[in-house]
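One structure is given here, and the rest of the page talks about it.
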Amino acid sequence: MKKVLLLFTALSLVLVFSLPAMADGHCMDALGCVEVGPDDPVVIGALLTVSGATSFYGEDSRGGIEIAIDARDGMLLGREIELVVEDSLCSAEGGQATAQRAAADESIVGLIGTTCSGAAQGAMPIISEAGMLMISPSNTSPRLTNDDVDAGGTYYPGYFRTAHNDLFQGAMGARFAIEVLGAESVATIHDGDPYTEGLAVVMAETFAEMGGEVVFQGAVAKGDTDMTAILTEIAASGPDVVYFPVFTPESEFIATQARNTPGLEDAELIVSDGSFSSSFAGNVGDAAVGIHMTSPYVVGEEYDAFLMTWDDMFGGAPPSGFHAHAYDAVNILMDAVEMVAEEHDGTLMIGRQALRDAISAVENYAGLTGTLTCQDESPYRGDCATGSALAVYEITEAEVAGAWPPAVVWDMSMSMSMDEG
C-alpha cells in the first residue's frame with residue numbers, strides 16, 4: 001500500500017482586509033476573484049523547467065507539489081485539485097511565455113514557480129500585473145526580493161519564495177572556503193544568469209570582507225563546452241579555490257577541464273545548488289571526487305517520511321534539492337486558499353489580493369524546510385526562508401559510482417564567524 005505523508009501545517013496569520021472578497025455574491029477584492037463553481041476543480045499552476053538540461057530541477061519540484069496534493073487526497077474545499085504544469089525552461093523568454101499563458105487562465109488560483117531565477121525575471125512583471133501570485137521553491141537570486149531598482153532589484157508584488165536567498169548561500173560558500181579549506185584566494189565564474197552572477201558576487205564580496213583575496217572574476221556563456229581559455233587565465237592568477245555556481249552541463253565541463261589545466265591541479269573546486277544533481281558526479285567522473293557543493297539541507301522525522309512517500313510514488317530519491325521547498329510552497333498556497341475563500345450558492349470566490357495578503361502574513365509556519373516567516377522589507381520582500389536549511393556537501397567515489405546524495409560535511413552552525421558575531 002502506498003504510504004501517504006501526513007504533515008499537518010497551519011498558517012499563523014493576522015489578516016486585515018479593507019473589503020471582504022465578496023458581498024451579495026459579487027467580488028469586492030481589489031485585484032478580482034477566482035470563481036470556482038460547484039463542480040469545478042481548484043486549479044493550481046506550476047511554471048517549472050521540465051525539459052532540457054535543467055529538467056531535473058523542475059521534476060524535483062513537481063514531485064514535492066504532487067506529494068503535498070496527494071496528502072490532501074487531491075481535494076481542497078470539497079473540490080478536486082487540478083495541477084497545470086507549464087514548461088518555463090530556464091530562461092527569461094521561457095518565463096515570459098508561460099506567464100502569459102498562465103495570466104490568460106482566470107481559473108488559476110496561484111502559481112508555484114518558476115524553477116530558475118532567470119525565468120522569474122521574465123514571468124514576474126506579467127504575473128504581478130495580472131493580480132496573480134507566484135511562490136518559487138527554487139529561485140534564489142537576491143535581485144528578485146529587492147525592490148531597490150538602482151541596486152539591481154527586480155521585485156514585483158505577488159512574488160514569494162520558500163527557497164533561500166543567495167545572500168545566505170554565497171556567504172556560506174565564502175565562510176567554508178576560508179574557515180574549513182583555509183583558502184586565502186578565490187576565483188569566481190558565472191554565466192550571466194541572474195542566479196549565477198548574483199551568487200558569484202555575494203561569495204566574492206563576503207570572501208573579501210573576511211580578509212581573502214579575490215584574484216579573478218569572469219564569465220562563460222551558456223552553451224560553452226570548451227573552458228580552456230578561462231581556466232588558463234584563472235590558473236595564472238593562482239587561486240586556492242575556484243568557485244563556479246553555474247548550471248549543468250557547463251559546470252560539468254568546467255570541473256572536468258579544471259583538473260587537466262596546469263596550475264589548477266590542486267585548487268579546491270566549489271559549485272552550488274545549480275549543479276546539485278544526481279547526474280553531476282557521474283558525468284564529471286573521477287574529477288568530481290573532492291568537489292564541494294552548497295545546496296539545500298533538510299532533516300527531521302517529517303522529511304524522512306516525505307522521502308519514504310517519494311520512493312513509494314516515484315521510486316528512488318529526489319533528483320535535486322528543492323523538493324521540500326516545493327512541498328512547503330504549495331501547502332502555503334493551499335492553506336491560504338482555504339482561509340480566504342468564501343462560498344455563495346455553491347460557488348467559491350477567492351480574492352486575489354486576499355490571497356497575497358494571507359501569504360504575506362505567514363509567520364512561524366511549521367514547514368518541512370523549517371520555520372517560515374514571509375518578509376515584507378527589502379532586500380527580502382517575499383522571502384519566507386531563513387537560509388538555515390543549507391549545507392556543504394562533498395562528492396566522493398561513491399557518488400561517482402551512482403550513490404546520491406553526497407554526505408554533508410559542514411553547515412552554517414559550524415561557522416566560527418557566526419559564533420563570534
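The values are calculated or read from the model by the stated rules, or taken from the named source; none is laboratory data. Quick caveat: nothing in here was measured; it's all calculated off a predicted structure. Virtual Cβ from ideal backbone geometry, glycine too; neighbours counted across all protein chains shown.
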Kindly provide the set of residues from the stretch 289-305 that are surrounded by 18 or more Cβ atoms within 10 Å (Cβ to Cβ), over 20 Å from Asp266 (Cα atoms) and either among the charged types (D, E, K, R) or in contact with a Phe, Trp or Tyr (Cβ under 7 Å, 6 or more places away or on another chain) (or both), ordered by number. Ser295, Pro296, Glu302
Flagged pairs (Cβ under 7 angstrom, 6 or more apart or on separate chains; first in the stretch 100-111, within 16 Å of Ala341 (Cα to Cα); second crowded, with 22+ Cβ neighbours inside 10 Å and of a type in the set (Gly, Ala, Ser)) are Ile108/Gly45; Ile108/Ala102
Looking only at the stretch 221-237, how many residues end up being within 28 Å of the chain's Cα centre (by Cα) and within 11 Å of Phe253 (Cα to Cα)? 4
Counting only residues that are of a type in the set (Lys, Arg) and at pLDDT 95 or above, give me the strands (runs of 3 or more DSSP E) lying completely in the stretch 158-250 with at least 1 of them. 159-161
Condition check for Gly64: in contact with a His (Cβ under 7 Å, 6 or more places away or on another chain) and under 15 Å from Ala329 (Cα atoms): yes
Looking at (1) surrounded by 18 or more Cβ atoms within 10 Å (Cβ to Cβ); (2) under 17 Å from Ile135 (Cα atoms), which one does Ala391 not meet, given that it meets all the others? (2)
Note: among Asp311, Asp328, Asp286, just one is acidic (Asp, Glu), surrounded by 23 or more Cβ atoms within 10 Å (Cβ to Cβ) and at pLDDT 95 or above, namely Asp328
Evaluate the stretch 404-420: report whether one residue or more is surrounded by 19 or more Cβ atoms within 10 Å (Cβ to Cβ) and of a type in the set (Val, Ile, Thr). no
